[in-house]
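Heads up, the thing below is written out as C-alpha cells.
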4 protein chains.
Amino acid sequence: MSLQSIIDDIAAEVAPLVGQGKVADYIPALACVDPCQFGMAIYTKDGQIYQTGDAQTSFSIQSISKVLGLTLAIDHHGRQLWTRVGLEPSGDPFNSLVQLEFERGVPRNPLINAGAILVADTLLEAYDEPLEQLLSFIEQQTGSEPTIDSDVAESEKATGFRNEAMASLMKSFGNLQHPVDQVLDVYFKQCSIVSTCVQLAQTFGFLACDGCQPVSGHQVVTSRRARRINALMLTCGTYDRAGEFAFEVGLPAKSGVGGGIVAIVPNQMAICAWSPALGESGNSVAATEALRLFTQRTGLSIF
Amino acid sequence: MSLQSIIDDIAAEVAPLVGQGKVADYIPALACVDPCQFGMAIYTKDGQIYQTGDAQTSFSIQSISKVLGLTLAIDHHGRQLWTRVGLEPSGDPFNSLVQLEFERGVPRNPLINAGAILVADTLLEAYDEPLEQLLSFIEQQTGSEPTIDSDVAESEKATGFRNEAMASLMKSFGNLQHPVDQVLDVYFKQCSIVSTCVQLAQTFGFLACDGCQPVSGHQVVTSRRARRINALMLTCGTYDRAGEFAFEVGLPAKSGVGGGIVAIVPNQMAICAWSPALGESGNSVAATEALRLFTQRTGLSIF
Amino acid sequence: MSLQSIIDDIAAEVAPLVGQGKVADYIPALACVDPCQFGMAIYTKDGQIYQTGDAQTSFSIQSISKVLGLTLAIDHHGRQLWTRVGLEPSGDPFNSLVQLEFERGVPRNPLINAGAILVADTLLEAYDEPLEQLLSFIEQQTGSEPTIDSDVAESEKATGFRNEAMASLMKSFGNLQHPVDQVLDVYFKQCSIVSTCVQLAQTFGFLACDGCQPVSGHQVVTSRRARRINALMLTCGTYDRAGEFAFEVGLPAKSGVGGGIVAIVPNQMAICAWSPALGESGNSVAATEALRLFTQRTGLSIF
Amino acid sequence: MSLQSIIDDIAAEVAPLVGQGKVADYIPALACVDPCQFGMAIYTKDGQIYQTGDAQTSFSIQSISKVLGLTLAIDHHGRQLWTRVGLEPSGDPFNSLVQLEFERGVPRNPLINAGAILVADTLLEAYDEPLEQLLSFIEQQTGSEPTIDSDVAESEKATGFRNEAMASLMKSFGNLQHPVDQVLDVYFKQCSIVSTCVQLAQTFGFLACDGCQPVSGHQVVTSRRARRINALMLTCGTYDRAGEFAFEVGLPAKSGVGGGIVAIVPNQMAICAWSPALGESGNSVAATEALRLFTQRTGLSIF
C-alpha cells in the first residue's frame, strides 16, 4: 500500500475526530482558527512529498519552533548548551515554575517553555539577528520564505506573563544573559512563525536523514546531533504526555498549540500532521490520532 | 527595674553579637552599611520614648514597610482584601514561587514578598499616589517626614528579577490589576524608605493601643484590625522563622533585611530593635536576641 | 457580665451552626457521633470551672492529645527534642508527606501528624509505658482516670496507611528509633483517649498558669516551656488554618477531628469548646465560632 | 566487524571505568560485591549469543525485574493496568513520594519503585503465586531455573522503609488491593532474583522480536505490547536520567542498582551489560558507557 493511500485513509479515518477538543484560546488570533481542518504531509529521505487534506494551509507553528531554536543553538554552542539547560523530561505541566525554582533556574529541557526561552537567550549570543537566522533556516530547507504573524506575536507578548515570570526567575538565578524583554521578543516571534504541513515536513527532513538535507545532501547538523535532537523530541516533545505519545505512537515528535505535530521516522521520513483542536495535554487530538494510525499501519514505530 | 535600665542592659549584653551574621549584600547600597551598629527604642502607650545605642540612626526599613502597606490596604479594602491574599504562614522561604504557583497566584499572606506586591497593587486602586500616602502615614505618626533612598530603590529594581517573576505570575493568574512595572515601582520604593528605631517605634504605636495613636488617641485603624495585624505579624512576620520567633520571643513582629525588627506588646508598647547583620533566615541576629532578652526579663511575652 | 453568662450566650448564639459541617467519617466509630452536640468549659487560674451545654459529654480527643505528648516530651528531652522536630508552621495540609520528604524526615512541628508520631517515638525512649504516662498525666490534672476507646484505636490502625507512610519515611531517614508498629501503637492509642470539655479544660490549666497546676500550684513544666507550648499552639495548632485562627480568634489553641478545641488565655484560663461537625480545614465549625465570639466579647485575644 | 569483536573492543575500552563509581551499599549483601567486574552479552533475533568478560557471573537483577513484572501484568490485565499506574517519566528521583502524593497514589509509571510495587499488587490479583510465575517466565526464556538471593530479600525488607512508605501511601489512596506486607514481599523477592548477562539477554529477547521468543517463535506478548514496553523503557527505564540515556545511548533500557542494564535494539537483539559500580543516578557507570559505545560503533541507536 502506498504512503499516499495510507495518509488518505488516515485522513478519512480521523475525520470524526477533527474539531474534537478545544482550539487554543488564550490569544484572539489563535482562538478564531476554524477547528474543522486537518492536514498531513510526509517528506521522505529521497525527497518525495506526500500530502492530504489541508496540508498547504498556513498555521501558527508555536512550540514546534523550539526544535528550530534548539537546532541552531546546538549547532553553535555544542556541548556547552547543556550546562544551562537539562536533558530530562519535566514530569510536570509544560509551563511549571515549580521545577524551575527547585532546579535553580536551569530548565529541565529545551523543549519546554522555560528551556526554549533559555535557548533564545543563547541564540542572542550566537547571532546578531537570531530571528532572521531562524527564518533563513526554514527558507533553506523549504525554498520559500516564511512569515511571522505579528498579531500573534503581539498577543503573545501582551498575555505572556507566565513566560515573563519564568524568564525573570532564570534571570534571578543568573542563567539568562540578555534582558528579559529582548529574550522574550525572540521567543514570542519564533512561536508566531506561520507555516504549512508540507513546509514543516520539509524543514525537519534533516532529522530523518542523519542530519543531512534530503536530496541536496547538505549537512545541516552532524549525524550525532540529529539523533540527539530526535531523542529529546521522544522524551520531551509532547508536553507532559511524552510517555503516552511514545507508548501510543512511538516516534520522536514535537507538538504546538497551533495544532501541528512534527514527527520523525529516523532514516526514512519527516511527517507533519495538523488539526487545530487540542486535547487536555495541549496536543492536537486528530493529529495525534493520525500519527498513531500511521505507525500502526506502517509498523514504523521506532520500538 | 526601669525600661531604660532594661534596654541599656540588653544593649550591653548583645554587644558581642553585634556584627555577627551577614549584612544583606544583594544590592550595593545595603552591602556597605557598617554592621557594627545596634539601636533599640520603645514607644509606650502613654507616649514615653525609651532609647539606647544607635536608636536615631537611619536605616533602610525594607520589609517592615509591608506592615504599613497592609495597614493602608486593610483600612481601605476591609475584608475584600482577603479574597486576593491569604492569612496563612508560608512554610517556605520568603520569596518562593512554588507556593504561589500551586495556589494559583494568591499569595499566602501579605507579609511575604508576593503578598506585599499584591498589596501594592491594591494600594494603586485605593489611592492616586500610594507612595505619598505611605510617607504621609509615617509623618502623621512621627511628626517628621521620612525619605526614600533612591539609590536603594534603583538597585532593588535593577536586581529584583525574582519579584518580577512573582508579579508576572500573579498577573498571569489575573490577580494583579495594574501593570507589573507600576506595581513594582511602588513596592521597591516603599522598601527603600529610611527611618530610625525611634521613628519606627512611634510609627507602629497604634498597634500597641487598640488601633489608636498613643497620646493623641487618634483612631488609626479599628481595634479589631489592629489585633489582626498583630496576629499576622506573629504568624507570618519573620520570614520562615515565625514559629521559632514566636517560640523564643513571643511577640508579634516584622523584620526587614535592613536589620530592623518592629515588635508589639499589645496594650503596652511598640519596640524597634536594629542591627544590620543578618542570620540565615534574614532576620537580624542581634536585634532578635535583644527582643528575646526583653521578653525574658520583662515577662511581656504574649504567651 | 460573668463568664457563665458569656458562655451561655455564646452557646445560644452558635446553636444555628451546631451540626453544620461534616463529622469525621474516615472511621466508623467517629462517623456515628451525633453532630448536634455542643459543649464549652472554662477552667480559671484560681480553679473555677464554668460550663455550658454538653460540657460533660465524652468525645474522642484525637489531635488534642498531641499537646499532651509534646508536654511530656519537652519535659523529658528539653532542647534535644528540637533536633528531631521543627518549630515552624507547616503551610501545607496537616498530613502532607511532601514537606516531610523535602525536609529529610524532620517534621515541621510537633502538632502535625508526622511530628506527633516523632514525639511518640521520643516518649518510647523516655518512658517504659508512654501511654500509661499520658493517662496518668491527665488523671493528675483532673482527678479522674481517662479511658481509651479501643474501637477507635483499632479503626485508626486499620485505616492509618498515611500515618504509616509518614512513619516509614521518617524511619527511612533514620529519625525514628523504634519500630514503626510500636510507635504507631502509642500514637493511635493516644488519639483514641476520650474526655470531656470540663476535663480537657482542667488538663490544660497549667498552660494558663505559667506551667503550674491551678489551685495546687504544682509545677507541671517550667514557665518558659509553658509559654513555648502556647506559642507552638498559636502558630501550628489548627492544621493549615493557624493563621486564620490567630487572626479571627487570637488565642493559642489545638483542635482535633473529634470536634474539640482547647484554647489558652495566658495567665487567666484554659477553655475547651466541642462540637463534632468539622469545616473543610478539619476544625469544628461551631467550636471555632464559639471561641471567636469569646475573644470578641471578652477582649481576651492575646493580640 | 563482527558483534563479537565489537563487544570485545568495548570491554577493553571501558576497562579503565570498571570500578569507578560506588557499589550500592544500602544493604550488606550488595555492598560486598567486587566492583571490578564487567560483563556484556547479546542475544540476537536469530538466537545467536555473543558474550564478553564476566557475562556468566551471577548478580542481583534488582530493578530490571520491574520489566518482568510489567510484562506479566500487561499480559494479564491489558489496558486496565493503566487506570492504576501512569505512563509518564517521573521527572524526579526514582523513589520520590512527593509526586505520588500529588497524584493521589497513582505512580507515574511502572518502572519506578512505586509503580513496580503497584504492579506487584496487580500480580497478586492475577496469579496465585506471582513469584513462581516470574521465575517460571525466566526459565521459559533461558532454559534454566533462576534463584532468589534470600539474604538480599531479607535485607531489602529490613531497610525498605521508603518502599513501605510508598506502599502505605498508595494503600491510603485505595490504589493497593492487598496488604502492604504481602505486596512488598513479592516486590522485595523479585528484586532479589540473581541472574547473569547471558540469561538476561535471553530473558528479554522477546522485546527485540515483536514479542516472540527468538528461535522458538513463541509469542510471549503481542507485538504491540512489546513495542509499548520498549517505549516505557526508553522514557522511564533509567531513573531520573532517562533523557540523558536516550540522548547518549539511544536504546530502550532498564537498569538496576545491582549494576546491570538491559537494552533492546528493536527487531535485532537484546543486550545486557553489567558492572557493579554506580554513578550518581544509580546507573552502572561502565555498563552505561559500554552501551553508549555500542550504539556509537554500530549506528544501532533507534534515533
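FYI, it's all coordinate maths here, none of it is from the lab. It should be emphasised that the depicted structure is a prediction, and the values quoted were computed from it without experimental measurement. Cβ placement follows ideal geometry from the backbone for every residue including glycine, while neighbour counts extend to all protein chains displayed.
Points to keep in mind about this one:
- Cα centroid separation, segment D:1-58 to segment C:112-179: 49 Å.
- Applying both filters, DSSP loop and at most 14 other Cβ atoms within 10 Å, to the chymotrypsin sites (Phe, Trp or Tyr not before Pro) of segment C:1-67 gives C:26.
- D (Stokes-Einstein, µm²/s), Kirkwood Cα radius, the protein assembly as shown, 1.306 mPa s at 10 °C: 48 µm²/s
- Nearest-ten-degree value, helix C:130-142 long axis tilted from longest Cα axis of chain C: 20 degrees
- Estimated inter-spin distance, residue A:173 and residue A:297, nm [label 7 Å along Cα→Cβ]: 4.4 nm
- Potential lengthening between residue A:57 and residue A:139 on full extension [0.36 nm per residue; Cα-Cα distance subtracted]: 27.8 nm
- Taking amide H as placed 1.01 Å from N in the peptide plane, residue B:278 has its amide H under 5 Å from the amide H of B:22, B:23, B:24, B:285, each at least 5 places away in sequence or on another chain.
- Sequence-distant contacts, meaning Cα pairs under 8 Å at least 6 residues apart, place the relative contact order of segment A:3-297 at 28 percent.
- When you work out D = kT/(6 pi eta Rh) for segment D:193-245 at 10 °C and 1.306 mPa s, using the Kirkwood radius from C-alpha pairs as Rh and the Stokes-Einstein form, the result is 132 µm²/s.
- Principal-axis analysis of the Cα atoms of chain B puts helix B:180-191 at an angle of about 0° to the longest axis.
- For a paramagnetic label modelled on residue C:129 (point 7 Å from Cα along Cα→Cβ), amide N atoms under 11 Å away are absent within segment C:57-75.
- Cα-based convex hull volume of chain D per residue, rounded to whole Å³: 108 Å³
- Put a dot 7 Å past the Cα of residue C:194, heading toward its Cβ, do the same for residue C:267, and the two dots end up 4.0 nm apart.
- Backbone amide hydrogens, once placed in the peptide plane, bring residue A:218 within less than 5 Å of A:213, excluding anything fewer than 5 places away on its chain.
- The value for segment D:1-124 of Rg(Cα) / (2.2 N^0.38 Å) is 1.34.
- Nearest-0.05 FRET efficiency for residue D:36 and residue D:80, computed from C-beta distance (R0 45 Å): 0.50
- Pairwise inverse Cα distances across segment C:253-293, averaged and inverted, put the Kirkwood hydrodynamic radius at 10.0 Å.
- On the beta carbon distance between residue A:102 and residue B:159, with R0 = 30 Å, the FRET formula returns roughly 0.90.
- Tilt relative to chain D, helix D:3-14 - C-alpha long axis, 0 to 90 degrees, to 10: 80 degrees
- Label-point spacing at residue B:58 relative to the other copies reads 5.9, 6.9, 8.1 nm, in ascending order, each point sitting 7 Å out from Cα along Cα→Cβ.
- Computed about the Cα centre, the dipole magnitude for segment C:3-298 is approximately 900 debye when only Lys and Arg (+1) and Asp and Glu (-1) carry charge, each at its Cβ.
- Separation of alpha-carbon centers, segment B:232-264 and segment A:229-303, rounded to whole Å: 53 Å
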